Amino acid sequence: MVESTEPYLALEPGVRAERRAIDETQSRRANAGEWDRYADEYQATHGAFLGDAGFVWGPEGTTEASLGILGPLDGKRVLELGSGAGQCSRWIRQQGGHAYGLDLSHRQLQHSRRLDEVAAITVPSVRATATELPFADDSFDVVFCSFGAFQFLADAEAGVRECARVLRTGGRLAFSITHPTRWMFPDEPDERGLTATQSYWDRTPYVEVSEDSGEVTYAEHHRTLGDWVSLLARHRFVLTDLAEPEWPEGHERVWGGWSSTRGRLTPGTAVFGADYSAIS
């Protein structure tokens, strides 16, 4: 096991960071609890940046309106994985799409219901996991997640397989994640985050553990760019887009380990877009 030489930002008292193996059940339990605890702070801190009905792909602020990764949305059935408060799905509904949300966190879905009322745009949502989608085969034209679901899955294979199952032939899958090269560096927004401290090829998950109980309270999983491309290909997805948004001039917002100091030199976000073909 290779342990990070620097802890992630803002660890709570009594919590330690490690790199160690964790299975899907443990990961799901930990992240559901973490997002229930963190949802209020997350929405208070980042809600204005995200917008009540806004679609940004990552901390750089790059929007779907500018990238167009999802393609035409009018009349399409769209599923958002890790939908949180439903901001992206609400924006899709403004574009004429029929968007639905899915999230592990009960508290995040309560925030989604709150914003439904504020924005007067309702996003029907369900509490579930991306590895066991509660939808019929061939149900959607588009499945996506913006920094949700995929990097929190121990079993990404199951997640991509489920996306293929619920997508119609010719459907679209898109997702954004922390850029895989970021895993070489400490998660710090200043110059400390610019010095590589561990191997890009070390896929050992990052976890946070309660000192008192020994329980994992948060988990995040690393895969290389090649891992993601191969995984998509195995499930009959054809990669059409891999965007690496540049840090915008004058954008000085700090979001965890994302900052202008790092963003001007190295990518922080990767956005994948792929078409699905049920015929091999």
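Treating only the Cα positions of segment 40-135 as identical point scatterers, give the base-10 log of I(q)/I(0) from the Debye formula at each q in 0.17, 0.19 Å⁻¹. The Cα Debye sum returns log10 ratios of -0.70, -0.89.
Taking every DSSP bridge with both residues inside segment 43-147, close to 10 percent are antiparallel.
For segment 185-261, the alpha carbon convex hull comes to 147 Å³ per residue, rounded to a whole number. Antiparallel beta bridges, as assigned by DSSP with both residues in the chain, represent about 60 percent of the total such bridges. Comparing Glu64, Glu24, Glu249 in a Gaussian network model of the chain where C-alpha atoms under 10 Å apart are linked, the largest mean-square fluctuation is found at Glu249.
Mean projection of the alpha-carbon convex hull of the chain over all orientations, in nm²?
Numbers: hull surface 55.3 nm².
Result: 13.8 nm².
Hey, what number do you get for the chain at 222 nm if only DSSP H runs of n ≥ 4 count, each worth -39500 (n - 2.57), divided across all residues, to the nearest 500? Mind dumping the intermediate values first?
On the way: 7 runs with 78 residues, N = 280.
It lands at -8500 deg cm²/dmol.
Coordinate-derived values only; no laboratory data. Since we're looking at a predicted model, the values are computed, not measured.
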